[in-house]
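Each remark here refers to the structure printed beneath this line.
The values are calculated or read from the model by the stated rules, or taken from the named source; none is laboratory data. Remember, predicted model here, so these are calculated numbers, not experimental data. Cβ: placed from backbone, ideal geometry, glycine included. Neighbour counts: every protein chain shown.
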């Protein structure tokens, strides 16, 4: 059994227990909080939106945890299915709103000036996140499900309704595009 | 190599990258593909959870909601329509209503700090996600979270509770989990309480924190020090639950260094006579050997102790638990070093054996003067012993002095002092 399979099995058992054990649910929360939040950050630049969507996702997961069935798939796929629905619902609402200006997004990066080495990492992260936000919504969604959620292409296909092969192609194209965007941005910077 | 082949190679390697394992490409693979997989590695490591400001609040809220699910009987849920229909609730629903009122109150308490104060006064109960409800009058809480940073890692004491049964501390780790086996809590009088039990949080697999359980601290204990075997020494302050600040400020404390002042809470002392106390205030090991800072203190206020050293005549040695003896190699007094005051001695012994864990500093014939008796040369009775334990040392000697922590006091039979004419 690989590490990933072990974690999946463990999470599924934990999720079954979470239907009757509050502590088990909180353990899952601790395991998945960062992943869920990071997933929303792939989708949205606004931190408040990501906080709200994260809270909504866990509250819904708690409300419906008794409905989770391990035989239907891993807990991560179930949880990120909820997260995706919330992200898509928010996207539909946001269509009616003006997009957040990029300068405003930058202002969310934090008010405290970090140490120099943190600043370098932070610059790189900002560049990365800025470049991700320039991708198409579907590309951002799949990158989030792949890298933040850690789902397999098959699991992503199950959630999104795409074919497994199509997921692979979109991911590859997304990374290609992201690399090119970052290289262009870095060249500009130099 | 065509784009289709690159795409297939990328797909093959991507699962490994997402599981944070290194990718492997043939030499003929294009540079662009390597760059893309490196970018994928970067994305797989991207964790933005720390940006969020809701983690603790959301956890508290979920904890309350999850707890509420346990309190409400699942098999016979109260129909919401019944609650709406009747202004006076039927008797059978009153417990449900009361439960809901408590839940609502708890939710308000969790998110509205001023209301928390009022709620606490009215009910006499507090609530913490870690422990559930507790009686304010019978509980002591951590005054506020304390964080200590060291070499890119951080340990935060984020919550603490003393009740009649035990003392519990909840820790959060950043950087890497810290071993908890051998943790201790030291009281202001030097008494050390080893942890009775501990556990990883949230679990064995993801060790982002831990919970330590100690015996209940004596009533009136407001200050203590948490020590972890890897050298973390964190002051832990307590307050009656009723007085804990509603919005506690996170306090940052420095990681202990080799400076004697940093080890003040870990000193090992003996008081061989009423007028004088002798302490091992710091110890560290480096490639040159084991260094110990010995300090003498006059117990009378305003009285200064000065060592009167004749190195050749002093019996000073270090002995480990296997009775291996490590002779004194160097003795530095205030006359030799501007860093030391008159009451301090810096001792250097040869390097300890790798297995040595508990060592005893043996002193005999130490002589000193007190400023209030300038004409008298005093001699401490000997042999004087100060025993302390050392943490496990790294197998290779480091050129940089490394802190040796976990000094542990052992009882010492107080001998009678002798006074020699000055």
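Below, the figures for the structure above:
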item	result
Count of segment A:131-190 residues which are on the phi > 0 side of the Ramachandran plot and either assigned to a helix (DSSP H, G or I) or in contact (Cβ under 8 Å) with a residue 40 or more places away in the chain (or both)	1
Residue check, residue B:168 crowded, with 16+ Cβ neighbours inside 10 Å, within 14 Å of chain A (Cβ to nearest Cβ), touching a strand residue (DSSP E or B) at 6+ places or on another chain (Cβ under 8 Å) and under 20 Å from residue B:60 (Cβ atoms)	no
Counted residues, segment B:346-385 - those being at pLDDT below 80, farther than 18 Å from residue B:329 by Cα, assigned to a strand (DSSP E or B) and within 30 Å of the chain's Cα centre (by Cα)	1
Output for segment B:14-52, where each listed residue is more than 11 Å from every other protein chain (Cβ to nearest Cβ) and either within 19 Å of residue A:144 (Cα to Cα) or crowded, with 19+ Cβ neighbours inside 10 Å (or both)	B:23
Count of segment A:154-171 residues which are at the interface with chain B (Cβ under 8 Å from one of its Cβ atoms) and more than 18 Å from residue A:43 (Cα to Cα)	2
Flag if residue B:110 is closer than 30 Å to residue B:158 by Cβ, surrounded by 13 or more Cβ atoms within 10 Å (Cβ to Cβ) and either more than 10 Å from every other protein chain (Cβ to nearest Cβ) or modelled with pLDDT under 50 (or both)	yes
Selection from segment B:310-336 of residues that are assigned to a loop (DSSP other than H, G, I, E, B), out of contact with any strand residue (DSSP E or B) (no Cβ under 7 Å at 6 or more places or on another chain) and at pLDDT below 80	B:310, B:314, B:335, B:336
Residues being in contact (Cβ under 8 Å) with a residue 40 or more places away in the chain and within 11 Å of the chain's Cα centre (by Cα) - total across segment B:163-181	6
Complete set of residues in segment A:132-153 that are more than 10 Å from chain B (Cβ to nearest Cβ) and crowded, with 19+ Cβ neighbours inside 10 Å	A:135, A:139, A:140, A:141, A:142, A:145
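Residues checked against (1) farther than 26 Å from residue A:27 by Cβ; (2) at pLDDT 65 or above; (3) more than 13 Å from the chain's Cα centre (by Cα); (4) part of a strand (DSSP E or B):
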{"residue": "B:121", "(1), (2), (3), (4)": "yes, no, yes, no"}
{"residue": "B:127", "(1), (2), (3), (4)": "no, no, yes, yes"}
{"residue": "B:130", "(1), (2), (3), (4)": "no, no, yes, no"}
{"residue": "B:137", "(1), (2), (3), (4)": "yes, yes, yes, no"}
{"residue": "B:149", "(1), (2), (3), (4)": "yes, yes, no, yes"}
{"residue": "B:156", "(1), (2), (3), (4)": "no, yes, no, yes"}
{"residue": "B:161", "(1), (2), (3), (4)": "no, yes, yes, yes"}
